[in-house]
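**Student:** The structure follows.
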Amino acid sequence: LDLSMRDHVSLARKLGTVDEEMSRPPPYVESGVHVSDGSAARKTSGFLAWFKRPTQKAIVRARADQRAAGEPLEVFKVVTDPSDVLAFGEGFHTDLTYLQNPPRAAILVSRKLSPPGTGDTLFVDAFALAATLPPELRARAAGRHALHTDKAGRNATHPVLRVVSGRPALWVNRHFARRLASDGDESPADAALLEELLAHIDAATAGRVPGAELLRIDWHSAGDVVMWDERATQHAAVHDYAGHGREMHRVLLA
């Protein structure tokens with residue numbers, strides 16, 4: 001689509017509420033810190049989900065240029081420089097779950113693409129993740145809540161099995177779910193339960209859980225548009241284009 005930045009925001013506003021604050025680069029991008037509490041570091045499909053990462057200067061720079069040019073700040077420019085070791089959005093997650101009221105939906109528009117066959121975006125159905133939990137694990141997760149934090153002062157508690165439109169969705173992710181909520185310190189049993197839930201997501205996104213298959217979006221040209229329900233999915237960016245740049249524009253609906 002020939003969708004300008006203002007058209008992008010206008011489309012989003014026709015579908016829901018657009019919050020400029022929600023579209024700011026997350027604090028951990030600007031600070032360069034997105035780490036776990038020591039023992040909580042966990043791996044998923046070879047991706048270290050909590051790490052001390054280099055500041056993503058391309059995103060910070062793009063935001064400053066955007067403001068100077070008077071472009072709509074409701075658009076978050078997800079920019080990857082050719083020299084970036086990591087890309088924003090790697091690892092399966094739902095956006096901004098460290099907010100008490102996370103986004104309901106997202107609209108992503110491609111602007112500058114990496115070489116053909118690279119830079120796909122992967123999705124998994126959170127309803128399917130819940131439905132494919134082993135019964136015993138599902139029973140232990142029922143009624144539990146998890147603490148989600150960005151490690152920069154923002155945190156929220158959400159049900160592990162969040163009901164969306166009358167259906168349970170598995171609502172933990174390795175980016176932001178730090179521990180199960182409790183009155184005291186995290187117990188070994190709670191830590192083990194969270195890890196089992198996250199391992200289930202790892203297995204599903206690695207193609208090892210029948211009934212929880214992946215959707216792969218292959219971006220073909222600038223102007224491609226993808227919309228999704230943040231409450232019912234997890235997604236991940238694939239950074240297999242080292243040495244090349246890419247730019248995507250995202251608007252979140254509150």
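**Student:** Go over the candidates Glu247, Glu230 one by one and state the one that is at pLDDT 95 or above and within 28 Å of Gln100 (Cα to Cα). Explain how you work it out, then say what you get.
**Tutor:** Values: Glu247 fails: within 28 Å of Gln100 (Cα to Cα).
Of the residues listed, the single one that is at pLDDT 95 or above and within 28 Å of Gln100 (Cα to Cα) is Glu230.
**Student:** Any idea how many residues of the stretch 93-116 are assigned to a loop (DSSP other than H, G, I, E, B) and either within 23 Å of Leu3 (Cα to Cα) or touching a residue at least 60 places away in the same chain (Cβ under 8 Å) (or both)? Give the derivation first.
**Tutor:** The first filter runs over the stretch 93-116 and keeps only residues assigned to a loop (DSSP other than H, G, I, E, B), leaving 94-104, 113-116.
Applying the additional criterion that residues be either within 23 Å of Leu3 (Cα to Cα) or touching a residue at least 60 places away in the same chain (Cβ under 8 Å) (or both) yields 94-99, 101-104, 113-116.
Of the residues in that region, 14 qualify.
Residues checked against (1) modelled with pLDDT of 85 or more; (2) within 21 Å of Thr94 (Cβ to Cβ); (3) touching a Phe, Trp or Tyr at 6+ places or on another chain (Cβ under 7 Å); (4) not in a strand (DSSP E or B):
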site: Asp7; (1), (2), (3), (4): yes, no, no, yes
site: Ser10; (1), (2), (3), (4): yes, no, no, yes
site: Arg13; (1), (2), (3), (4): yes, no, no, yes
site: Met22; (1), (2), (3), (4): yes, yes, no, yes
site: Tyr28; (1), (2), (3), (4): no, yes, no, yes
site: Ser36; (1), (2), (3), (4): no, yes, yes, yes
site: Arg53; (1), (2), (3), (4): no, yes, no, yes
site: Ala58; (1), (2), (3), (4): yes, no, no, yes
site: Arg63; (1), (2), (3), (4): yes, no, no, yes
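**Student:** Hey, does the stretch 214-231 have a residue that's closer than 20 Å to Leu1 by Cβ, β-branched (Val, Ile, Thr) and open to solvent by 40 Å² or more (accessible area, probe 1.4 Å)?
**Tutor:** Yes; the residues of the stretch 214-231 include at least one that is closer than 20 Å to Leu1 by Cβ, β-branched (Val, Ile, Thr) and open to solvent by 40 Å² or more (accessible area, probe 1.4 Å).
**Student:** Are any residues in the stretch 132-183 touching a Ser or Thr at 6+ places or on another chain (Cβ under 8 Å), open to solvent by less than 40 Å² (accessible area, probe 1.4 Å) and either among the small types (Gly, Ala, Ser) or at positive phi (or both), and if so, which ones?
**Tutor:** The answer is Ala146, Ala156, Ala177, Ala181.
The values are calculated or read from the model by the stated rules, or taken from the named source; none is laboratory data. Just so we're clear, the structure is a prediction, and the values are computed from it rather than from any experiment. Backbone-built Cβ (ideal geometry, glycine too); neighbour counts: all protein chains shown. To get the accessible areas, we keep the full protein, side chains included, count just its heavy atoms, and leave off ligands, DNA and RNA. Shrake-Rupley method; radii C 1.70, N 1.55, O 1.52, S 1.80 Å.
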